[in-house]
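Nothing in this text is a laboratory measurement; each read-out follows from the coordinates by a stated rule. These figures come from a predicted structure and were not determined experimentally. Positions of Cβ are backbone-derived with ideal geometry, glycine not excepted, and every protein chain shown enters the neighbour counts.
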């Protein structure tokens, strides 16, 4: 038996996916959704939380005319902390199982789809707490049929994990998607480094990498990047790796970003965020159990053209 859940928010994804254990299809009026986005999407390609009275909490997005009828002065309005678009855009069906395990598997499919499409998704009974990307920025391009094969492989990988490790994998996907919603580069960098450390922990728990004989505690933060590249066969770039680590330590211990206050951004910081994002994406693909060209991607080349997923013949 399949359990159906609605989710969103995708405006330009019309591909139906039917695989062993799950299915995905659109469930909305595309023209109506497009009109909603056109009316609300900022020029930067993001949907932002709607304004709500200061006493409001979680809100369903509604037309602005609704708030025009509220007598509160404009100064009492603020962006909603939690919000959701007025309707879901897609339907996911996932195999029934034990409550927690089935929900985790459904979440794995949902957030792997968000990862591959370069956006952030939520089930219709959950809330967004940040802006939502409408112009997708996927880490790789997929040839025909590759997206379904990627999701199928992730699903099979998830079935083999304990609930605790499956939850850890889903959390990594969620934080990765959330990282791009932050507007300061240092915030994005911090979230991505959380993902890097979480990947390190999960690789160790799954024995995918082999820690030193004296235990994984012997690998400090500034050596993990190099160790992961070596163990997983990922192309390394010592100069770029060193530059990323040089950003992490002052940020974590001195509240400095690229040698400046946190309200500063520069080209160097942006470049390193892009490289770290690509490296974490490569690690996620490896954790999902996907055998592909992207799993050996030269992350230091981030921003120099979009790589392809390049699934192997075996998937």
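A few notes on this one:
- Modelled spin-label separation between residue 136 and residue 239, with each label point placed 7 Å from Cα along the Cα-to-Cβ direction: 3.5 nm.
- Fraction of beta bridges assigned by DSSP in the chain that are antiparallel (%, nearest 5): 85 percent
- Within the stretch 131-240, the ratio Rg/Rh, alpha carbon atoms throughout and Rh by Kirkwood, equals 0.98.
- Euclidean distance between Cα centres, the stretch 165-179 to the stretch 255-286, Å: 18 Å
- Cα Rg over Rh - the chain, Kirkwood: 0.98
- Residues 164, 268, ranked from the fewest to the most other C-beta atoms within 10 Å, line up as 164, 268.
- For the residues 167, 143, 272, a GNM of the chain with alpha-carbon springs under 10 Å puts the largest fluctuation on 143.
- Fewest-first ranking of 263, 153, 242, using other Cβ atoms within 10 Å as the exposure measure: 263, 242, 153
- Stokes-Einstein translational diffusion, the stretch 169-315 - Kirkwood Rh over all Cα pairs, 0.890 mPa s, 25 °C, in µm²/s: 155 µm²/s
- Each helix, a run of at least 4 DSSP H residues, gives -39500 (n - 2.57); summed and divided by the residues of the chain, these come to -14500 deg cm²/dmol at 222 nm.
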